[in-house]
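Working notes, beginning with the structure itself.
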Amino acid sequence: MSSGRTTVTRLLTLVAIVAAVLGVAACGDDGGDGDKPRTVTVVGSGKVTGTPDTLRADIGVEATAADVSSALNESSAQVTKVTDAVVAAGVDRKDIQTQQVSLTPRYSTAAPGGSSEITGYQATNTIRVTIRDLAKASDILAAAATAGGDNTRIGNVAFAIDDDSELMKQAREAAFDDARSRAEQYASLAGDSLGKVQTITEETSGQTQPVTVQRDAAAASPVPIEPGEQTLTFSVTVTYALT
(Lines give C-alpha, C1' and ligand atoms only; values in the text may rest on other atoms or scores of the structure.)
Protein backbone atom coordinates (compact mmCIF):
# COMPACT_ATOMS: atom_id res chain seq x y z
CA MET A 1 0.00 0.00 0.00
CA SER A 2 2.79 2.41 0.93
CA SER A 3 4.63 1.44 -2.27
CA GLY A 4 1.64 2.54 -4.40
CA ARG A 5 1.40 5.86 -2.56
CA THR A 6 5.13 6.44 -3.11
CA THR A 7 4.76 5.84 -6.84
CA VAL A 8 1.84 8.26 -7.09
CA THR A 9 3.72 10.89 -5.09
CA ARG A 10 6.76 10.62 -7.38
CA LEU A 11 4.57 10.88 -10.49
CA LEU A 12 2.85 14.04 -9.19
CA THR A 13 6.22 15.56 -8.33
CA LEU A 14 7.54 14.87 -11.86
CA VAL A 15 4.44 16.47 -13.41
CA ALA A 16 4.89 19.55 -11.22
CA ILE A 17 8.54 19.90 -12.25
CA VAL A 18 7.68 19.62 -15.99
CA ALA A 19 4.90 22.19 -15.62
CA ALA A 20 7.24 24.57 -13.87
CA VAL A 21 9.87 24.24 -16.61
CA LEU A 22 7.30 24.83 -19.35
CA GLY A 23 6.00 27.87 -17.47
CA VAL A 24 9.47 29.43 -17.32
CA ALA A 25 9.98 28.78 -21.04
CA ALA A 26 6.64 30.36 -21.87
CA CYS A 27 7.52 33.48 -19.87
CA GLY A 28 10.76 33.85 -21.85
CA ASP A 29 9.08 33.44 -25.26
CA ASP A 30 8.25 36.87 -26.77
CA GLY A 31 7.14 35.55 -30.18
CA GLY A 32 10.48 36.36 -31.85
CA ASP A 33 9.79 40.11 -32.04
CA GLY A 34 11.48 41.19 -28.83
CA ASP A 35 14.75 42.13 -30.53
CA LYS A 36 13.19 43.80 -33.57
CA PRO A 37 13.23 47.61 -33.20
CA ARG A 38 10.13 49.64 -33.90
CA THR A 39 10.66 51.89 -36.94
CA VAL A 40 9.03 54.52 -39.10
CA THR A 41 9.72 54.86 -42.85
CA VAL A 42 9.15 58.16 -44.65
CA VAL A 43 9.79 59.64 -48.09
CA GLY A 44 11.30 63.13 -48.32
CA SER A 45 11.57 65.22 -51.47
CA GLY A 46 13.82 68.09 -52.50
CA LYS A 47 13.59 70.26 -55.60
CA VAL A 48 16.04 72.81 -56.99
CA THR A 49 16.24 74.71 -60.27
CA GLY A 50 19.20 75.67 -62.40
CA THR A 51 19.92 77.12 -65.82
CA PRO A 52 21.09 74.61 -68.45
CA ASP A 53 24.53 75.33 -69.90
CA THR A 54 24.78 72.53 -72.49
CA LEU A 55 22.79 71.41 -75.52
CA ARG A 56 23.14 67.96 -77.06
CA ALA A 57 21.74 66.98 -80.44
CA ASP A 58 21.94 63.99 -82.77
CA ILE A 59 22.49 65.18 -86.33
CA GLY A 60 22.27 62.64 -89.12
CA VAL A 61 22.26 62.49 -92.90
CA GLU A 62 20.62 59.97 -95.20
CA ALA A 63 21.76 59.06 -98.69
CA THR A 64 20.09 56.76 -101.22
CA ALA A 65 21.85 55.22 -104.20
CA ALA A 66 21.57 52.26 -106.55
CA ASP A 67 24.49 50.42 -104.98
CA VAL A 68 26.05 50.03 -101.53
CA SER A 69 29.28 51.92 -102.24
CA SER A 70 27.56 54.95 -103.69
CA ALA A 71 25.13 55.20 -100.76
CA LEU A 72 27.90 54.92 -98.17
CA ASN A 73 30.18 57.34 -99.99
CA GLU A 74 27.45 59.95 -100.30
CA SER A 75 26.41 59.72 -96.65
CA SER A 76 30.05 59.91 -95.57
CA ALA A 77 30.62 63.00 -97.70
CA GLN A 78 27.50 64.68 -96.31
CA VAL A 79 28.26 63.93 -92.66
CA THR A 80 31.77 65.27 -93.20
CA LYS A 81 30.27 68.53 -94.46
CA VAL A 82 28.00 68.67 -91.41
CA THR A 83 30.91 68.00 -89.06
CA ASP A 84 33.06 70.68 -90.67
CA ALA A 85 30.14 73.13 -90.56
CA VAL A 86 29.47 72.72 -86.83
CA VAL A 87 33.19 72.96 -86.07
CA ALA A 88 33.39 76.17 -88.07
CA ALA A 89 30.36 77.44 -86.12
CA GLY A 90 32.12 76.94 -82.80
CA VAL A 91 31.93 73.29 -81.69
CA ASP A 92 35.11 71.59 -80.50
CA ARG A 93 35.84 68.38 -82.42
CA LYS A 94 36.17 66.46 -79.14
CA ASP A 95 32.47 67.23 -78.60
CA ILE A 96 31.45 65.43 -81.79
CA GLN A 97 30.95 61.68 -81.66
CA THR A 98 29.63 59.19 -84.20
CA GLN A 99 26.39 57.65 -82.92
CA GLN A 100 25.21 55.43 -85.73
CA VAL A 101 26.19 54.19 -89.17
CA SER A 102 23.63 51.99 -90.93
CA LEU A 103 22.92 50.61 -94.38
CA THR A 104 19.55 49.17 -95.42
CA PRO A 105 18.19 47.98 -98.78
CA ARG A 106 15.19 49.65 -100.40
CA TYR A 107 12.61 47.48 -102.14
CA SER A 108 10.21 48.04 -104.99
CA THR A 109 6.48 47.61 -104.53
CA ALA A 110 5.60 44.04 -105.41
CA ALA A 111 3.10 43.53 -108.24
CA PRO A 112 0.14 41.21 -107.61
CA GLY A 113 1.47 37.67 -107.59
CA GLY A 114 5.06 38.90 -107.81
CA SER A 115 7.84 39.65 -105.35
CA SER A 116 9.59 42.87 -104.45
CA GLU A 117 13.14 43.51 -105.55
CA ILE A 118 16.00 45.58 -104.22
CA THR A 119 16.05 48.91 -106.02
CA GLY A 120 18.78 50.63 -104.05
CA TYR A 121 20.32 51.23 -100.66
CA GLN A 122 19.92 53.84 -97.95
CA ALA A 123 22.89 54.79 -95.79
CA THR A 124 22.56 56.77 -92.57
CA ASN A 125 25.34 58.41 -90.61
CA THR A 126 24.58 60.18 -87.34
CA ILE A 127 26.79 62.23 -85.04
CA ARG A 128 26.10 63.53 -81.54
CA VAL A 129 27.08 67.14 -81.06
CA THR A 130 27.57 68.72 -77.63
CA ILE A 131 27.22 72.50 -77.67
CA ARG A 132 28.75 74.15 -74.60
CA ASP A 133 28.22 77.75 -75.68
CA LEU A 134 24.44 78.15 -75.82
CA ALA A 135 24.76 81.57 -77.39
CA LYS A 136 25.99 79.77 -80.53
CA ALA A 137 23.48 76.89 -80.43
CA SER A 138 20.99 78.40 -82.90
CA ASP A 139 23.64 79.15 -85.51
CA ILE A 140 25.30 75.75 -85.04
CA LEU A 141 22.07 73.83 -85.68
CA ALA A 142 21.29 76.03 -88.67
CA ALA A 143 24.79 75.48 -90.07
CA ALA A 144 24.38 71.70 -89.71
CA ALA A 145 21.02 71.73 -91.48
CA THR A 146 22.34 73.85 -94.33
CA ALA A 147 25.46 71.71 -94.80
CA GLY A 148 23.53 68.45 -94.83
CA GLY A 149 20.83 69.68 -97.20
CA ASP A 150 17.41 68.07 -97.49
CA ASN A 151 18.71 64.78 -96.15
CA THR A 152 19.55 66.28 -92.74
CA ARG A 153 17.88 64.73 -89.71
CA ILE A 154 18.06 66.41 -86.29
CA GLY A 155 16.77 64.61 -83.21
CA ASN A 156 17.24 63.92 -79.50
CA VAL A 157 17.86 67.59 -78.82
CA ALA A 158 18.05 68.19 -75.07
CA PHE A 159 19.34 70.78 -72.63
CA ALA A 160 21.47 69.67 -69.70
CA ILE A 161 23.47 71.06 -66.83
CA ASP A 162 26.99 69.85 -67.45
CA ASP A 163 28.04 69.86 -63.79
CA ASP A 164 25.00 69.52 -61.53
CA SER A 165 26.88 68.25 -58.47
CA GLU A 166 26.24 71.39 -56.40
CA LEU A 167 22.56 71.45 -57.33
CA MET A 168 22.23 67.77 -56.46
CA LYS A 169 23.87 68.41 -53.10
CA GLN A 170 21.28 71.10 -52.37
CA ALA A 171 18.41 68.84 -53.50
CA ARG A 172 19.74 65.96 -51.40
CA GLU A 173 19.93 68.11 -48.27
CA ALA A 174 16.41 69.43 -48.85
CA ALA A 175 15.05 65.91 -49.33
CA PHE A 176 16.71 64.59 -46.18
CA ASP A 177 15.47 67.56 -44.11
CA ASP A 178 11.97 66.92 -45.42
CA ALA A 179 12.20 63.22 -44.52
CA ARG A 180 13.40 63.95 -40.98
CA SER A 181 10.64 66.51 -40.44
CA ARG A 182 8.02 63.97 -41.49
CA ALA A 183 9.53 61.26 -39.30
CA GLU A 184 9.64 63.55 -36.26
CA GLN A 185 5.97 64.37 -36.74
CA TYR A 186 4.98 60.71 -36.93
CA ALA A 187 7.10 59.88 -33.87
CA SER A 188 5.43 62.67 -31.92
CA LEU A 189 1.96 61.54 -32.97
CA ALA A 190 2.81 58.03 -31.79
CA GLY A 191 4.17 59.27 -28.47
CA ASP A 192 7.71 58.18 -29.31
CA SER A 193 11.08 59.78 -29.88
CA LEU A 194 13.03 59.56 -33.12
CA GLY A 195 16.05 57.26 -32.99
CA LYS A 196 18.93 56.54 -35.34
CA VAL A 197 18.65 56.18 -39.12
CA GLN A 198 18.32 52.54 -40.15
CA THR A 199 18.30 52.74 -43.97
CA ILE A 200 18.50 55.38 -46.72
CA THR A 201 17.43 54.94 -50.36
CA GLU A 202 17.66 57.77 -52.88
CA GLU A 203 16.23 58.59 -56.30
CA THR A 204 16.81 61.52 -58.65
CA SER A 205 15.32 62.83 -61.89
CA GLY A 206 15.24 65.80 -64.24
CA GLN A 207 18.80 66.05 -65.59
CA THR A 208 17.77 66.58 -69.21
CA GLN A 209 15.18 68.74 -70.90
CA PRO A 210 14.07 67.73 -74.42
CA VAL A 211 13.66 70.30 -77.18
CA THR A 212 11.90 69.90 -80.53
CA VAL A 213 13.81 71.10 -83.61
CA GLN A 214 12.55 70.85 -87.17
CA ARG A 215 14.51 71.47 -90.34
CA ASP A 216 12.49 72.36 -93.44
CA ALA A 217 14.41 75.03 -95.36
CA ALA A 218 17.17 74.77 -97.98
CA ALA A 219 19.28 77.37 -96.19
CA ALA A 220 18.17 77.19 -92.58
CA SER A 221 17.78 80.32 -90.50
CA PRO A 222 19.02 80.32 -86.89
CA VAL A 223 16.85 77.95 -84.86
CA PRO A 224 15.15 79.63 -81.86
CA ILE A 225 16.67 78.11 -78.72
CA GLU A 226 15.59 79.04 -75.20
CA PRO A 227 17.22 77.10 -72.32
CA GLY A 228 14.81 78.33 -69.66
CA GLU A 229 15.27 76.61 -66.28
CA GLN A 230 15.77 72.99 -65.46
CA THR A 231 14.35 71.38 -62.34
CA LEU A 232 16.21 68.65 -60.47
CA THR A 233 14.02 66.55 -58.20
CA PHE A 234 15.48 64.34 -55.51
CA SER A 235 13.60 61.80 -53.38
CA VAL A 236 14.95 59.92 -50.40
CA THR A 237 13.35 57.10 -48.42
CA VAL A 238 14.59 56.96 -44.83
CA THR A 239 13.81 54.48 -42.08
CA TYR A 240 14.26 55.68 -38.47
CA ALA A 241 14.17 53.72 -35.24
CA LEU A 242 11.56 54.74 -32.69
CA THR A 243 12.56 54.97 -29.02
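The values are calculated or read from the model by the stated rules, or taken from the named source; none is laboratory data. The structure displayed is predicted, hence computed values, not measured ones. Side chains included, ligands, DNA and RNA excluded: accessible areas come from the protein's heavy atoms. Shrake-Rupley method; radii C 1.70, N 1.55, O 1.52, S 1.80 Å.
Within the straight-line cut-off of under 18 Å between alpha carbons, the lysines reachable from LYS81 are LYS94, sequence neighbours fewer than 8 places apart in one chain being disregarded. Residue by residue, the range 122-136 carries 3J(HN,Hα) couplings of 10, 10, 10, 9, 10, 10, 9, 10, 9, 9, 9, 10, 5, 5, 9 Hz when phi is fed to the Karplus relation 6.51 cos²θ - 1.76 cosθ + 1.60 (θ = phi - 60°); x denotes Gly or Pro.
Rounded to whole numbers, the Karplus 3J(HN,Hα) couplings from phi for the range 164-173 are 9, 4, 5, 5, 5, 4, 5, 5, 5, 5 Hz, using 6.51 cos²θ - 1.76 cosθ + 1.60 with θ = phi - 60°, and x at Gly and Pro.
For the range 49-179, carbon and sulfur atoms together expose 45% of the accessible surface, with a 1.4 angstrom probe and every protein chain in place.
Cross-link pairs exceeding 19 Å between alpha carbons, from the set LYS47/LYS196; LYS47/LYS169; LYS47/LYS136: LYS47/LYS196; LYS47/LYS136.
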